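Enquirer: Encoded as structure tokens, here's the structure I'll be asking about.
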Amino acid sequence: AQLSEDAFMKLYTKEHLWLDFEDGIVVLGLTSYAISQLGEITFLTFQASDLLNADDSIACVESVKIAWEIRSPISGRLLTVNRELESSPDKLNHSPENDGWLCQIITPEWQTADWMSPAAYQQYLETL
């Protein structure tokens, strides 16, 4: 079976999360747009359990503007969280889509649901 190009690129949610899937593991993070709307992130705490259901809380971020609960877009087993963000939330401010990744989730059933390609996400942002 041939994999589509979508298998090798980040996908985006309407909640401004990105997902990058490889070998059964999803890396999850906040988009640059989310950070621009939240303002400077000053605090982050993880509150996820090992087994996640879609819509379970993963973390809470606090910025100069607001506190926001980040919810998982997928079900799976939490592999790891980026603990560096708890002591250095600045990584989220400067590199949300690289060094500022939030967590890794093992999910056997990767389905793209109604997530968006980078181009579709960009179009979605233009409607906000």
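Enquirer: Condition test on W110, is it assigned to a loop (DSSP other than H, G, I, E, B), open to solvent by 30 Å² or more (accessible area, probe 1.4 Å), under 17 Å from T31 (Cα atoms) and touching a residue at least 40 places away in the same chain (Cβ under 8 Å)?
Expert: Here the answer is no, as W110 does not meet what is asked.
Enquirer: Which residue pairs have Cβ atoms closer than 8 Å, lie 6 or more positions apart in sequence or on different chains, and pair a first residue in segment 48-60 that is within 8 Å of R71 (Cβ to Cβ) and of a type in the set (S, T, N, Q) with a second residue that is modelled with pLDDT of 90 or more and open to solvent by less than 50 Å² (accessible area, probe 1.4 Å)?
Expert: S57/I70; S57/S72
Enquirer: Can you confirm whether segment 69-85 contains a residue that is at pLDDT below 95, within 12 Å of the chain's Cα centre (by Cα) and hydrophobic (A, V, I, L, M, F, W, C)?
Expert: yes
Enquirer: Right, here's the next one. Take residues that are open to solvent by 30 Å² or more (accessible area, probe 1.4 Å) and farther than 22 Å from Y124 by Cα and tell me which of the strands (runs of 3 or more DSSP E) falling wholly in segment 1-100 contain 3 or more.
Expert: Answer list for segment 1-100: 41-46, 76-81.
The rows are residues; the columns are (1) over 14 Å from H16 (Cα atoms); (2) in contact (Cβ under 8 Å) with a residue 40 or more places away in the chain.
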| residue | (1), (2) |
| --- | --- |
| T31 | no, yes |
| Q37 | no, no |
| L44 | yes, yes |
| E69 | no, no |
| S88 | yes, no |
| W101 | no, yes |
| P118 | no, yes |
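Enquirer: For A119, which of the numbered conditions (1) assigned to a helix (DSSP H, G or I); (2) modelled with pLDDT of 95 or more fails to hold?
Expert: The failed condition is (2).
Enquirer: Oh, and also: Can you say whether D90 is farther than 23 Å from L128 by Cβ, among the acidic types (D, E) and modelled with pLDDT under 95, as far as the supplied structure shows?
Expert: yes
The values are calculated or read from the model by the stated rules, or taken from the named source; none is laboratory data. Since the structure is predicted, the reported quantities are computational estimates derived from the model, not experimental observations. Here the Cβ is made from the backbone with ideal geometry for all residues, glycine too, and neighbour counts use every protein chain on show. Side chains are part of the model used for accessible areas, which takes the heavy atoms of the whole protein and leaves out ligands, DNA and RNA. Shrake-Rupley method; radii C 1.70, N 1.55, O 1.52, S 1.80 Å.
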